[in-house]
Amino acid sequence: MAQVISTAGLALMLAGFCGEWMAHGTPALPGPPAVSWSDPALLAASPFLLCMSAGILLFAFLPALRVLLALLDYLGRRDWHNALIALIVLVELALSTQTHRI
Amino acid sequence: MIFLALFLTGVTAGVLGAVLGLGGGVFLVPALHLLFDLPMRTAVACSIVGVLATSAGAVAFAPRGRGADVELALRLEIATTAGALAGSLAAGLLSSQALGILFAVVAFFNAGYTAYRSRRRPISAPPEALFTRDYRPRRWGIGLSASALAGMLSGLLGVGGGIIKVPVMYSVMEVPLGVATATSNFMVGITAAVSALVYYLRGDIYPMLAIPIALGVFAGATAGVWLLTRLRVSWVRAALIALLVIMGVQMLLRGLGLL
């Protein structure tokens, strides 16, 4: 699963980057920032920029996904101790994101 | 041409990061800031995407039996994330000079202890393996404390995750060095994910810069994982000690205001 998502993220980044480069040439760096889902300019953004942004987001969520998969694996094996540890890590990650945003 | 240069910088960071269990940020941030003249905030944001790519490449494509100790990683990550949370809340209490000196002390101690442990090994002991299943992590108290410190320092200084965790796992907790680097790669990805989301939502990540770096890092990390299975423990250990000393000197000079 991790390999699939890593590959998908890479593919999105590469496709978006190559598309943007071929369509607009080398931009004045640093170029446009990655698009946020709450950004009002989301609908007007270039499809290549959306592609690149989606690839970066996939990579950003991949570590949490790994922890979630570990949690599900432990639950399936009834390894409650390790499942609790994985759950604590996920909660800490969520708290960290909120704290950093503040 | 600049995209090729960014890609090659990423490859270098990815190889070194995967072999030594670091996220690559310790190389990327100064390289992007000094060589490409990027503002620090942009360099850090690009570096974080590179760290994610290091973790993704090293973890997802690790050969069977050469991967991270997930149970160990999750236990230590509890302390790391708690340390990072505490670090972000305490960011205003310590000066950057004090943090630099603190980091230097930790780096020198880790380098010295890693070297000391390697010399204590009996001559009659079997050759040390990078990867083995025959181990049991020890000294959890020190390991968890060091992880909390690593989390705090990485949040405050932008470095210090793997550079602290790998020698502590190897020298103090007696985890095989290859397992320690693989486990560190798993952990730095988790730590970087939080920062990545925050930078992303702030609009600080520029894909046209970050993606050539991330692609290079991913390629380098995947190659680095392959390379790690062919290296001797003594080489990896020597490289780790050298890097700790270099980083310690750099941070000490910065802390003393000489750099």
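Bear in mind these aren't lab numbers, they're just calculated from the coordinates by the rules spelled out. Just so we're clear, the structure is a prediction, and the values are computed from it rather than from any experiment. Cβ: placed from backbone, ideal geometry, glycine included. Neighbour counts: every protein chain shown.
Summary table
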{"item": "Residue ID - surrounded by the fewest Cβ atoms within 10 Å (Cβ to Cβ), chosen from residues in segment B:12-34 that are within 14 Å of chain A (Cβ to nearest Cβ) and on the phi < 0 side of the Ramachandran plot", "result": "B:HIS33"}
{"item": "Selection status of A:ILE56, at the interface with another protein chain (Cβ under 9 Å from one of its Cβ atoms), of a type in the set (A, V, I, L, M, F, W, C), in a helix (DSSP H, G or I) and surrounded by fewer than 20 Cβ atoms within 10 Å (Cβ to Cβ)", "result": "no"}
{"item": "Odd one out for B:ILE190, checked against (1) within 14 Å of chain A (Cβ to nearest Cβ); (2) under 19 Å from B:VAL15 (Cβ atoms)", "result": "(2)"}
